[in-house]
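Note sheet for the following structure.
The values are calculated or read from the model by the stated rules, or taken from the named source; none is laboratory data. Bear in mind the structure is a predicted one, so any value in this text is a computation, not a measurement. Virtual Cβ from ideal backbone geometry, glycine too; neighbours counted across all protein chains shown. Calculation scope for accessible area: heavy atoms of the full protein, side chains included, ligands and nucleic acids excluded. Shrake-Rupley method; radii C 1.70, N 1.55, O 1.52, S 1.80 Å.
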Amino acid sequence: MKSPFLNPVPGEYFDQLLRWLDLESDAERERLVERRKLIGRGDLERSGETLVDMAVADHRIGLGGRYLLAFRKRRQESMLPWNRLKVGSPVVVADQNDERDSGLAGVISRRTSHQIEVALQAWPEGERFRIDLSPDETTRRRQRTAIAQARELRGSQLRLRERLLGLEPPRFSEKIPATRFFAELNPPQQEAVRFALSAKDFAIIHGPPGTGKTTTLAEMVYQVARTGERILACASSNTAVDNLLEKLIPSTPGVVRVGHPARVFESLREHTLDELVRTHPSSRIAEDLMRQAESLVRAASKPGRSGEAWRRAGQQRGEARALQNQARSLERQAIRYVLDSAQVICTTTTIDEELLEGLDFDLVVIDEACQATEASVWQAVLRAGRLVLAGDHFQLPPTVLSEVATREGMNHSLMQRLVERFGTEVYRRLTVQYRMNEEIMRFSSDQFYDSSLVADLSVKSHLLSDLPAVAACQRTTTATTFIDTAGAGYDEELEPDGLSKRNPREANVVLSLVQRLTEAGVAPSQIGIIAPYAAQVRLLRNRLDLEGLEVDTVDGFQGREKEAIIVTLVRSNERGEIGFLSDIRRTNVALTRARRCLIVIGDSATLGRHPFYAEMLEYFESVDGYRTVWDESLWQTGE
């Protein structure tokens, strides 16, 4: 399905964006109803939107006096179950032992396999907590406001809007000044930077897997920053923003990270707004005022029995509020100073309008642009003199909950629409990739990228056996393998009391392969397991307890890589139904996460009825990578 609005009428376009936001809001409420049904059956965590039996393991104080509380399972060694709680997700933290507790609203600020950190304005009451994903109406309200503003644009911003709607062709300068690159870029990357610099309205950098898209985008930002212009650098996820920030730090001074950082690397922490504000002189005074206020609040919480004691406690609370207000005023001054001094501000496309009020930018860049819905980018676009989008419309599309909105095209990004509308006139593709063995790369290159990708010599032939301490054997000297389960009775099944599918016997094969790889010396942290269905992820996580080994859905591995990737496709039925495996963009992501070894497990009889998977099977055969579960003991897993 092609993107809608290739030739849109502005009024109808913005009306449709608002309709999609309403549909998403309805779909989110319906999911909450379904989750409550699961809770009613006592299976609280199956939906992936709730964590229970959580305890506070650590805490720190963030910007604005908010608490950053790290929660773990009360059994300290327990890994968190598979869940949808991502960095930036809005949540509610409530006392699990008090059904009357409506909870405190917060935002996920960090997460690991064992721990999840939540930013809260107050300390929650209780010792045993549940954390629930909550509707993100704040984000949708901001998006609706931005869409209303975009509808009424005038002047230069109106010209950019009309070109982004595809009503007028974009403009480019014919001559670009000689460019001295900071990073060592290959020729396609250099061409993409020059092309983006020539844009008077917008330009697109198309970055297939492993081609250094973020490196290229960071170089372009550096080149613009050198001229003294201000830049807003965005992405739809916190992780993508941090990846871009990490690339910008070595070259570009004056970079500030706004929001909830997804990583805790020291090299990033000093560039966050929290840290920069904390070191400002005004903030030191504010911290002292906050400490005085806390002392007054504590004193007021334990008044004596006399009327005089109660009067004195009320006075103390009043003094505490005055000190808190004074502290917040000083902190706001520090925040404004840091932001006004910044040349590059990095944030998600969900922009805090109050924080960035009054700030406009010569250039706005959006990384991973294909994972952002059209409705979600207008906040950033409204602040742009020029716009550069970077991404790959052949990888994961925007996440959309509403089936109706999906059918109507909400899961098509602005970048995809512009590529379809204008073609190569508006983008440059990066073609040298630095991740995959050539054998792993070639199928995706042929299917999605016009056979244009080239493996750099540094990765072209690399294998697991080239890694230190890894023994050479069949498994470590083979780049690509498909293990066919057809005819073996490896049938899919519906997870008990759930809606997701799993395949226990495929899971057995995964366990055997992980054992073989680790016995050969491959570290668990170098292995990733990808399943398209959450039920299969849950099944595998329950059966694999190796420190560092990652098991996740396709979405969880977007933008990631591992030395070895095992993909379990799950679907195996007589009807040939493959469900959302038919969205081959998702499979493209799964197939391109591996650096040295890719193993895919699936049922050729079920998959082969789809043209894409039929060609995939032919490819594995052509590189002598086709195997079956009966071929040899390597694939036997027992019952």
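Would you mind checking segment 190-217 for residues with the amide N under 20 Å from a putative spin-label position 7 Å along Cα→C-beta of THR227? Residues 190-206, 216-217 fall inside that zone. Averaging the sequence gap over all C-alpha pairs within less than 8 Å and six or more residues apart, then dividing by the number of residues, gives the chain a relative contact order of 13 percent.
Taking all protein chains as shown and a probe of 1.4 angstrom, ASP631 keeps an accessible surface of around 80 Å².
Calculate the FRET efficiency for ARG31 and ARG328 from the Cβ-Cβ distance with a Förster distance of 35 Å, rounded to the nearest 0.05. If you can, show how the numbers build up before the last one.
Values: r = 36 Å, r/R0 = 1.02.
With a Förster radius of 35 Å, E is 0.45.
For segment 73-125, rounded, prolate or oblate, judged on the Cα gyration tensor with a ≥ b ≥ c (square roots of eigenvalues), a/c < 1.5 rounded, else prolate if a/b > b/c? Because a/c hits 1.5 or more and a/b fails to exceed b/c, segment 73-125 counts as oblate. Taking each DSSP H run with n ≥ 4 as -39500 (n - 2.57) and averaging over every residue of the chain yields -12000 deg cm²/dmol at 222 nm. Approximating the spin labels as points 7 Å out from Cα along Cα→Cβ, the ASP352-to-LEU457 distance works out to 4.8 nm. Given the choices (1) 45; (2) 36; (3) 28, percent of Cα pairs over 39 Å apart derived from the coordinates of this structure is entry (2).
With just the Cα atoms defining each centre, how far is segment 138-163 from segment 343-363? Give it in Å. Taking the Cα centre of segment 343-363 as reference, the centre of segment 138-163 is 15 Å away. Between LEU6 and GLU495, the C-beta separation translates, for a Förster distance of 30 Å, into a calculated FRET efficiency of about 0.15. With all protein chains kept in place, the per residue accessible area of the chain amounts to 43 square angstrom at a probe of 1.4 angstrom. A Förster radius of 45 Å combined with the Cβ-Cβ distance from GLU152 to THR112 puts the calculated FRET efficiency at roughly 0.50. Taking a point 7 Å from the Cα of ASP288 along the Cα-to-Cβ direction, the residues of segment 311-348 with backbone N closer than 20 Å to it are 319-335.
For segment 441-469 and segment 537-584, compute the distance between their C-alpha centroids and round to whole Å. Centre-to-centre (Cα) distance: 21 Å.
On full extension, the segment bounded by GLU319 and ARG575 gains 85.0 nm, given 0.36 nm per residue less the C-alpha separation.
Taking the Cα centre of the chain as reference, the dipole from Cβ charges on Lys and Arg (+1) and Asp and Glu (-1) amounts to some 1900 debye. In a DSSP loop and with at most 15 other Cβ atoms within 10 Å, the trypsin sites (Lys or Arg not before Pro) in segment 533-634 are ARG560, ARG575, ARG609.
For segment 385-427, backbone nitrogen atoms closer than 18 Å to the point 7 Å from GLU162 Cα along Cα-to-C-beta are found at 385-387, 422.
May I ask you to compute the full-extension gain from GLU191 to THR179, defined as 0.36 nm times their residue separation minus their alpha-carbon distance, rounded to one decimal in nm? Could you put the intermediate results ahead of the total?
Details: separation 12, 0.36 × 12 = 4.32 nm, distance 1.06 nm.
Here the segment from GLU191 to THR179 would lengthen by 3.3 nm.
Restricting the GluC sites (Glu not before Pro) of segment 142-184 to loop positions (DSSP other than H, G, I, E, B) with no more than 13 neighbouring Cβ atoms within 10 Å leaves GLU152, GLU174, GLU184. With each label modelled as a point 7 angstrom along the Cα→C-beta vector, the LEU359-GLU425 pair spans 3.5 nm.
Bridge orientation summary for the chain: considering DSSP beta bridges with both residues in this region, about 40 percent are antiparallel. Centre-to-centre separation between the Cα atoms of segment 176-197 and those of segment 585-627: 35 Å.
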